[in-house]
Amino acid sequence: MFGAIEAGGTKFVCAVGCDLSDLEITQLPTTSPQVTTAQAIDFLRASSGGKLQAVGIGSFGPVDLSPSSPTFGHITSTPKLSWQNFDFVGTVRAAFDVPIGFDTDVNAAALGEARWGAARSISDFVYLTVGTGIGGGAVVNGQVLHGMLHPEMGHIRIPHDRQRDPYPGCCPFHGDCLEGLASGPAIEARWGRPASELPMDHPAWALEALYLALGLANWVCTLSPKRIVLGGGVMRKEWLFPLVRGELVQLLNGYVQTAELTKNLEQYVVPAELGNHAGIAGALVLAQQVYQKHQVSQPQSVHQCKDSTRST
Ligand code: ZN
C-alpha cells in the first residue's frame, strides 16, 4: 500500500492505495508547512492502517531533487515564504520511516500521464500545464529529466511583439517570459476577463496559441519529444489545440520533417487525459518507483501489493 501527496500552492491532494483505480483521496488547504503536512500525515496514517510501504510526493517548487545535496527533499526559493527551505521529505520520512519518492508537481503529472494517460507507451515526451502558472516536464527514454535542478519550462524567453501585444507580462522574475505572457493570470490581466469567460472567436486565443507554439517549437528542437501533452485549466478550451498545432507547423517551417509533425499532427500535440488527477496519479508512481528501487537494493524487505482491491 502506497501513500501519495500532490502538494500544490493552494491545496494538497493526498491519497492511499495500490493503483489509480482504488485510491482513497482527500484534499487539504495549503496553509503552513507544519499544519498542512501534519494533516497529510494524519490522513495517510489513518487510511493505511499503518501499512504504508512507500510515499510519493509531487511538490510545488522549486525543490531540491539532487540526492547528494544536503538539502535534498527541501522546497527551496518559493515565493510562498513560510515554505521556503522546508524539509518536506525529512518531515514525511520522520513520520513513516519508509522510502520517499520526491519530484516536482509537474514532473509527477507527467509520470501520471505516462502511466495512465495521454503518453502511455511513449518513451520521450513533454508535458506542459497551462493554468495559474506554466510548468513543463520532460520524459527522456522513460525517465523524468532532472539535470542540474529540474526544467522550468514556463520561464523560457520567447519573442514578444509589443506592437501586437503591449501587455508587459506578469512574471515577477522576467515579465514577459512564456508564463508571464501565456498563463491564465496573464490572459486575464491582458483582456480584463478570465480565460474561462473568453469566447472561441476572441483574439486572445490566436495570441495564446502563438505563445504556446513558440514554447513547443523550442522543445521540439531541443528535446525532440515524440509527443507533447498539454494540460491545465487554460487548455480546457479545446479550440486551442488546432490553433497551437497550426502555429507550431508554421514556426518550424518544414525544417523538422517527421510523420508526427505532418500526417500525425493531431496525435502529436494532444490534450492531457487525467485532468485534475494527473498529479496525484504521478505521486503514486513516484511511491511505486522508489519502493521498487528499495526492493532491488534491499531484497530481503520485499512486500507485494497482492491485489488492486483495497480493504479499509
Ligand atoms: Zn518567468
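The values are calculated or read from the model by the stated rules, or taken from the named source; none is laboratory data. This one's a predicted model, so the numbers in the text were calculated from it and none came from an experiment. Every residue, glycine among them, receives a Cβ derived from its backbone with ideal geometry; neighbour counts consider all protein chains shown. Accessible surface is based on the protein model in full, side chains and every heavy atom, while ligands, DNA and RNA are left aside. Shrake-Rupley method; radii C 1.70, N 1.55, O 1.52, S 1.80 Å.
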query = Just to be sure, is Pro67 more than 18 Å from Ala95 (Cβ to Cβ) and either among the hydroxyl-bearing types (Ser, Thr, Tyr) or open to solvent by 30 Å² or more (accessible area, probe 1.4 Å) (or both)?
reply = yes
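Scan Ala108, Ala94 and give me the residue that is within 23 Å of Thr36 (Cα to Cα), crowded, with 24+ Cβ neighbours inside 10 Å and out of contact with any Phe, Trp or Tyr (no Cβ under 9 Å at 6 or more places or on another chain). Lay out the reasoning, then the answer.
Values: Ala94 fails: crowded, with 24+ Cβ neighbours inside 10 Å.
From the options Ala108, Ala94, the qualifying one is Ala108.
Before we move on, is Pro99 in the same structural domain as Val13 (by TED's automatic domain parsing), within 20 Å of Ile5 (Cα to Cα) and modelled with pLDDT under 95? Reasoning before the result, please.
On the way: in the same structural domain as Val13 (by TED's automatic domain parsing): yes; within 20 Å of Ile5 (Cα to Cα): yes; modelled with pLDDT under 95: no.
So Pro99 fails the test.
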Q) Taking the stated definitions as given, is Ala138 at pLDDT 95 or above, assigned by TED's automatic domain parsing to the domain that holds Cys18 and more than 16 Å from the ligand (Cβ to nearest atom)? A) no
Residue hits (the range 152-174; within 13 Å of the ligand (Cβ to nearest atom), surrounded by 12 or more Cβ atoms within 10 Å (Cβ to Cβ) and free of Cβ contacts under 8 Å to residues at least 24 places away in the same chain) are Arg157, His160, Pro168, Gly169, Cys170, Cys171, His174
| said: With the structure loaded, tell me whether Thr37 is part of a loop (DSSP other than H, G, I, E, B), among the hydroxyl-bearing types (Ser, Thr, Tyr) and farther than 18 Å from His146 by Cβ or whether it fails that test. | reply: no
Contact list, first residue from the range 76-89 and open to solvent by 40 Å² or more (accessible area, probe 1.4 Å), second anywhere and modelled with pLDDT under 85, beta-carbon distance below 6 Å, six or more apart or interchain, is Gln84/Thr78
Across the range 175-187, the tally of residues that are surrounded by 15 or more Cβ atoms within 10 Å (Cβ to Cβ) and within 8 Å of the ligand (Cβ to nearest atom) stands at 4
Checked Ser21, Ser47 against criteria (polar (S, T, N, Q), in contact with a Cys (Cβ under 9 Å, 6 or more places away or on another chain) and in a helix (DSSP H, G or I)); the one match is Ser47
The residue from Ile57, Ile41, Ile5, Ile25 that alone is over 25 Å from Pro172 (Cβ atoms), touching a helix residue (DSSP H, G or I) at 6+ places or on another chain (Cβ under 7 Å) and surrounded by fewer than 17 Cβ atoms within 10 Å (Cβ to Cβ) is Ile25
